[in-house]
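To start, the structure itself, in structure tokens.
The values are calculated or read from the model by the stated rules, or taken from the named source; none is laboratory data. None of the values given here were measured: they were computed from a predicted structure. Because the Cβ atoms are built from the backbone with ideal geometry, glycine has one as well, and the counts that use them run over all protein chains shown. Remember, those area values only see protein heavy atoms, side chains included, never the ligands or the DNA or RNA. Shrake-Rupley method; radii C 1.70, N 1.55, O 1.52, S 1.80 Å.
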Amino acid sequence: VQLVESGGGLVQAGGSLRLSCAASGRTFSSYVMGWFRQAPGKERGFVAAISGSGATTYYANSVKGRFTISSDNAKNTVYLQMTSLQPEDTAVYYCATRRGLRLTARAPEYDYWGQGTQVTVSS
């Protein structure tokens, strides 16, 4: 299984970015996809997750209403649309995947991880 993130960059506070994560090596619809982030000096934290079918989503309270996770099974790609970005959203963003149907915020329950993409929000 290989996950490749893209779409990170530098944006001003209040701006938007869309991250993408292209997956290969497994049946997309059978896996949960998640987004996590890690700021310098902090632990990796949960951002959002989506079921393999795309029908169910789950968000961290800190991003609810600002971020949207979605998927395109035909392209084996999951997206994270981020709006109203704030400096505290600055982090390396990782996508991850786990087999099964249950959405979880616990990083150890994800089996495969991408290399990460940097998001920097300036004030």
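Observations on the model:
- Test: residue in region 70-88 that is open to solvent by 60 Å² or more (accessible area, probe 1.4 Å), of a type in the set (Asp, Glu) and within 17 Å of Thr120 (Cβ to Cβ): yes
- Within region 21-58, the residues that satisfy the criterion of being on the phi > 0 side of the Ramachandran plot and free of Cβ contacts under 8 Å to residues at least 24 places away in the same chain are Gly41, Gly54.
- Residue within region 55-69 that is open to solvent by 30 Å² or more (accessible area, probe 1.4 Å) and closer than 13 Å to Gly114 by Cβ present: no
- Residue in region 99-115 that is open to solvent by 20 Å² or more (accessible area, probe 1.4 Å), acidic (Asp, Glu), farther than 14 Å from Ala39 by Cβ and assigned to a strand (DSSP E or B) present: no
- Among residues that are assigned to a strand (DSSP E or B) and exposed (fewer than 14 other Cβ atoms within 10 Å of the Cβ), Gln118 is included.
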